[in-house]
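Peer 1: Pasting in a structure now, in structure tokens, and then I'll have a few things to ask.
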Amino acid sequence: MPEIIDFQQAIEQSPDRKKRKVLLGNGFSRACKDDIFSYGALYEQADFGNLSPGAREAFTALGTRDFEIVIKSLRQTAQLAAVYVPDKPELLTTLVRDANGLRDVLVETIARNHPERPHDIELERYAACRRFLDNFNCIYTLNYDLLLYWTLMQDDPAMEFFKLEDGFRKAEEPDADYVAWDSGSSHTQTVYYMHGALHLFDAGHELQKYTWCNTQIPLIEQVKAALDRNDFPLFVAEDSSKAKMERIMHHHYLGKAKSSFEKIGNDLFVFGLAFGESDGHILQMMGDNQVKQMFVSLHGEPNSDANKKIIHQAESIKARRHKYKLDVKYFKAETARVWG
């Protein structure tokens, strides 16, 4: 078992904050609202009404509440069904429809059960989160929710906060109620939604970010209205790491985020990432970039199966490095006090 240090010790071992970057996984959101953003909570809140009865029962059969595992299993079953029961095309159709439908159910569940307003989260928690984020000059997030956006929008003049730039600018349309991503901003952009987000919508000719300041309408209300129009936000919720990568590579904004992450060096802090099978594309990027020190958070009992898996995967990334050597260190997630 490697040494596990406190977050402050990790910061002291990375003395130049201009060289620190952070990657936020689902643990970042769960640390704030575990009753909403855990897969178990999402399952309990999901509406499976438009899918076959088997869609819900599949979770029980597989012994999981993880949407990605079920979606992947349904797709694999569909492939096998085409071989084993080719005379039952209706079964194949149902499996594929449920797999695709579960992705939309996941998006809708996150949106419809998301906190309604920024002030649903206490100001003290935002302040704590800003103190945590103030340790870094670039943020990469894998989360879809609005928690990071809301935190960055908080106005706290007492906080010495790095200038953070998400690359969105005033739209060309004068009366637009959104802002649009400027693909030429990549040299100044320091906030990347690597898997998309609830407030980002692909309009084909441009990527739009919904905002409160342009409409005075809460973001969640805007997102729900879009869902009612069958407009879905930019989400990478595919079932496998390979499918996620394909989705990323075929979208300009997501591809830019991937390219940026692959080029980083110096120190990277990883908070709340499970290092699971569906994170394989992210782990591959970690192996390909030039980071010298990687500080990985471990939540709860260090010897838990989940933490052993994280350590195994992180050490595997280190072992694969040849040209750019990597030093991996571990810190206790709770000591970061991300939300106070």
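Peer 1: Tell me the residue from Val338, Val296, Val223, Val270 that is over 20 Å from Phe28 (Cα atoms) and either at pLDDT 95 or above or buried (at least 21 other Cβ atoms within 10 Å of the Cβ) (or both), please.
Peer 2: Numbers: Val338 fails: over 20 Å from Phe28 (Cα atoms); Val296 fails: over 20 Å from Phe28 (Cα atoms); Val270 fails: over 20 Å from Phe28 (Cα atoms).
On inspection, the qualifying residue turns out to be Val223.
Residue-by-condition table, conditions (1) free of Cβ contacts under 8 Å to residues at least 12 places away in the same chain; (2) more than 26 Å from Leu200 (Cα to Cα); (3) among the basic types (Lys, Arg):
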position	(1), (2), (3)
Ala61	yes, yes, no
Arg75	no, yes, yes
Thr93	yes, yes, no
Glu108	no, no, no
Asn113	no, no, no
Asn143	no, no, no
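Peer 1: Give the residues of the range 128-156 that are part of a helix (DSSP H, G or I) and not aromatic (Phe, Trp, Tyr), sorted by residue number.
Peer 2: Result: Ala128, Cys129, Arg130, Arg131, Leu133, Leu147, Leu148, Thr151, Leu152, Met153.
Peer 1: Within the range 97-115, is even one residue closer than 18 Å to Ala237 by Cα, β-branched (Val, Ile, Thr) and outside any helix (DSSP H, G or I)? Break it down into steps so the answer makes sense when it comes.
Peer 2: Of the range 97-115, the ones closer than 18 Å to Ala237 by Cα are 97-114.
In the following step, the residues that additionally are β-branched (Val, Ile, Thr) were identified as 105, 107, 109-110.
Applying the additional criterion that residues be outside any helix (DSSP H, G or I) yields none.
Scanning the range 97-115 turns up no residue that is closer than 18 Å to Ala237 by Cα, β-branched (Val, Ile, Thr) and outside any helix (DSSP H, G or I).
Peer 1: Identify the single condition in (1) surrounded by 15 or more Cβ atoms within 10 Å (Cβ to Cβ); (2) farther than 22 Å from Asp16 by Cβ; (3) in contact with a Lys or Arg (Cβ under 9 Å, 6 or more places away or on another chain) that Ala333 does not satisfy, given that it satisfies every other one.
Peer 2: (3)
Peer 1: Among the residues of the range 223-282, write down those that are of a type in the set (Ser, Thr, Tyr), within 16 Å of Leu207 (Cβ to Cβ) and touching a helix residue (DSSP H, G or I) at 6+ places or on another chain (Cβ under 8 Å). Please lay out each step first, then the result.
Peer 2: Kept after step one, since they are of a type in the set (Ser, Thr, Tyr), are these residues of the range 223-282: 240-241, 253, 259-260, 278.
Restricting the remaining residues to those that are within 16 Å of Leu207 (Cβ to Cβ) gives 253, 259-260.
If the condition is that a residue be of a type in the set (Ser, Thr, Tyr), within 16 Å of Leu207 (Cβ to Cβ) and touching a helix residue (DSSP H, G or I) at 6+ places or on another chain (Cβ under 8 Å), then Tyr253 is the only one that fits.
Peer 1: Could you list, ordered by first residue, the pairs with Cβ atoms under 9 Å in which the first is in the range 275-296 and closer than 12 Å to Ala314 by Cα and in a helix (DSSP H, G or I) and the second is modelled with pLDDT of 90 or more and of a type in the set (Val, Ile, Thr), at least 6 apart or interchain?
Peer 2: Leu283/Ile317; Gln284/Ile317; Met286/Val270; Met286/Ile317; Gly287/Ile317
Peer 1: Across the range 204-263, what is the number of residues that are under 17 Å from Gly167 (Cβ atoms), of a type in the set (D, E, K, R) and without any contact (Cβ under 8 Å) to a residue 12 or more places away in the chain?
Peer 2: Here the count works out to 0.
Peer 1: When the residues of the range 178-199 are narrowed to those that are assigned to a strand (DSSP E or B) and in contact (Cβ under 8 Å) with a residue 40 or more places away in the chain, which ends up nearest to Leu133 (Cα to Cα)?
Peer 2: If we filter the range 178-199 for residues that are assigned to a strand (DSSP E or B), which is where we start, we get 178-181, 191-194, 196.
Okay, now just the ones that are also in contact (Cβ under 8 Å) with a residue 40 or more places away in the chain, so 181, 191-194, 196.
Working: Trp181: 23, Val191: 11, Tyr192: 14, Tyr193: 15, Met194: 17, Gly196: 19 Å.
Only one residue fits best here, namely Val191.
Peer 1: Identify all residues within the range 297-307 that are part of a strand (DSSP E or B) and within 16 Å of Ile317 (Cα to Cα); write none if there are none. Before the answer, list the steps.
Peer 2: Just the residues of the range 297-307 that are part of a strand (DSSP E or B), to begin with: 297-298.
The answer is Ser297, and nothing else.
Peer 1: Does the range 179-235 hold any residues that are at positive phi and either β-branched (Val, Ile, Thr) or touching a strand residue (DSSP E or B) at 6+ places or on another chain (Cβ under 7 Å) (or both), and which are they?
Peer 2: Of everything in the range 179-235, just one residue is at positive phi and either β-branched (Val, Ile, Thr) or touching a strand residue (DSSP E or B) at 6+ places or on another chain (Cβ under 7 Å) (or both), namely Gly196.
Peer 1: Among helices (runs of 4 or more DSSP H) lying entirely in the range 1-75, which contain 1 or more residues that are closer than 22 Å to Leu142 by Cα? Write out each step before concluding.
Peer 2: Working: elements: 7-12, 26-37, 39-45, 53-62.
Passing ranges, in order: 7-12, 26-37, 39-45.
Peer 1: Also, quick follow-up: Can you run down the residue pairs with Cβ atoms below 6 Å, 6 or more apart or on separate chains, where the first is in the range 5-16 and within 13 Å of Met294 (Cα to Cα) and the partner is surrounded by 14 or more Cβ atoms within 10 Å (Cβ to Cβ) and among the charged types (D, E, K, R)?
Peer 2: These pairs meet every condition: Ser14/Arg20; Ser14/Asp267.
The values are calculated or read from the model by the stated rules, or taken from the named source; none is laboratory data. In this text, all values refer to a predicted model and were calculated from it rather than measured experimentally. Cβ sites come from the backbone with ideal geometry, for glycine too, and all protein chains shown count toward neighbours.
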